[in-house]
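Working notes for the structure below.
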């Protein structure tokens, strides 16, 4: 496996928190990427904010249940101590089912408060 965070030295600081910010979705979970969100959170969570980690392919081609499950896993992996923003790995194209976007947002609203 490739290192968890290859080089985060060039991160731009977040304006709101004044903390470094790393778009973890740039390094998706295996098999599509080399990022283990829980491992990144454990190593760097008190030093930076994380954003991601839902595969755009999953949100576009998966079911609403798939999206809810992935969203809950991402929240579980990165929620401790705050500093996590649930999002997709890229923009969602016009072919993305509305139900899948709603599933992600609703999961964040109901499960993402901690």
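The values are calculated or read from the model by the stated rules, or taken from the named source; none is laboratory data. No experiment lies behind these values; they were computed from the predicted model shown. Ideal geometry is used to build each Cβ from the backbone, glycine not excepted, and the neighbour counts take in all protein chains shown.
Identify the residue in segment 74-112 that is at pLDDT below 90 and farther than 20 Å from residue 49 by Cα and, among all such residues, is surrounded by the fewest Cβ atoms within 10 Å (Cβ to Cβ).
It comes out as 93.
Looking only at residues that are buried (at least 20 other Cβ atoms within 10 Å of the Cβ) and touching a strand residue (DSSP E or B) at 6+ places or on another chain (Cβ under 7 Å) in segment 52-62, which one is nearest to residue 100 (Cα to Cα)?
The extreme case among them is 59.
I'm trying to understand the selection: among the residues of segment 77-103, which are within 11 Å of the chain's Cα centre (by Cα) and free of Cβ contacts under 8 Å to residues at least 60 places away in the same chain?
Of everything in segment 77-103, those that are within 11 Å of the chain's Cα centre (by Cα) and free of Cβ contacts under 8 Å to residues at least 60 places away in the same chain turn out to be 77, 78, 79, 84, 85, 86.
Being in contact with a helix residue (DSSP H, G or I) (Cβ under 7 Å, 6 or more places away or on another chain) and over 20 Å from residue 36 (Cβ atoms) is the filter here, so list the residues in segment 68-100 that pass it.
68, 92, 93, 95, 96, 99, 100 - these are the residues of segment 68-100 that are in contact with a helix residue (DSSP H, G or I) (Cβ under 7 Å, 6 or more places away or on another chain) and over 20 Å from residue 36 (Cβ atoms).
Would you mind finding the one in 38, 65, 71, 5 that is surrounded by 13 or more Cβ atoms within 10 Å (Cβ to Cβ) and at pLDDT 90 or above? Reasoning before the result, please.
On the way: 38 fails: at pLDDT 90 or above; 65 fails: surrounded by 13 or more Cβ atoms within 10 Å (Cβ to Cβ); 5 fails: at pLDDT 90 or above.
From the options 38, 65, 71, 5, the qualifying one is 71.
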